[in-house]
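Structure, as structure tokens:
The values are calculated or read from the model by the stated rules, or taken from the named source; none is laboratory data. Here the structure is a predicted model, which means the values were calculated and not measured. Cβ placement follows ideal geometry from the backbone for every residue including glycine, while neighbour counts extend to all protein chains displayed.
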């Protein structure tokens, strides 16, 4: 099953926009238009991630963090930057984003990145976040590796003007390591400057060469 995201937002246009963006990225979504609906959804739907507006018609989105029945990652979004509220959100384990928000930022920020990408790739092994550039070509398109582990990797692909990525499996070539193999595209979302952020998974006959590559980094 795809990860489920609960969106609690009282502005209908914003709520629908977030829902459509997340659906296009391959996520299941649940929506609520007010605080009470968000609280009910937290109790009944067991979402994997909460995205909540800060101001919810007389309530504060941070209250949902206090009342959630089980620990889940959360992102608080607001049009009003406030260092005190940001510190409170971080203290409660949530990210704090100020509108307008880039789709790529919402999909890859902090708690959302770790919770959703890990579940979507059914990750069983830790990831290495790379501090040096690891060149890779994805279907003969220039890319770079953001993080990597035995189960797969997160890559940034340069595709200015190209349509959404839908090809699977993908051909990965690491020229410096002299490794070439196939991987499945698990998720993909557009970023700035014609780039795409993608999650790829490696399995089957590719696991041996892939593990050797990961161990060498």
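Quick notes
- Selection from the stretch 130-151 of residues that are part of a loop (DSSP other than H, G, I, E, B) and surrounded by fewer than 22 Cβ atoms within 10 Å (Cβ to Cβ): 130, 131, 132, 133, 134, 139, 140, 150
- Where a residue in the stretch 202-214 is without any contact (Cβ under 8 Å) to a residue 60 or more places away in the chain and its partner, wherever it lies, is part of a helix (DSSP H, G or I) and surrounded by 14 or more Cβ atoms within 10 Å (Cβ to Cβ), with Cβ under 6 Å and at least six apart: 202/210
- Contacts under 8 angstrom Cβ, first residue in the stretch 93-104 being under 18 Å from residue 25 (Cβ atoms), partner assigned to a strand (DSSP E or B) and modelled with pLDDT of 80 or more, 6 or more apart: 95/74; 95/75; 95/76; 97/75; 97/76; 97/77; 97/78; 101/77
- Single residue of the stretch 24-51 satisfying the filter (under 20 Å from residue 99 (Cβ atoms) and free of Cβ contacts under 8 Å to residues at least 40 places away in the same chain) that is surrounded by the fewest Cβ atoms within 10 Å (Cβ to Cβ): 34
- Residue within the stretch 12-21 that is exposed (fewer than 14 other Cβ atoms within 10 Å of the Cβ) and closer than 21 Å to residue 198 by Cα present: yes
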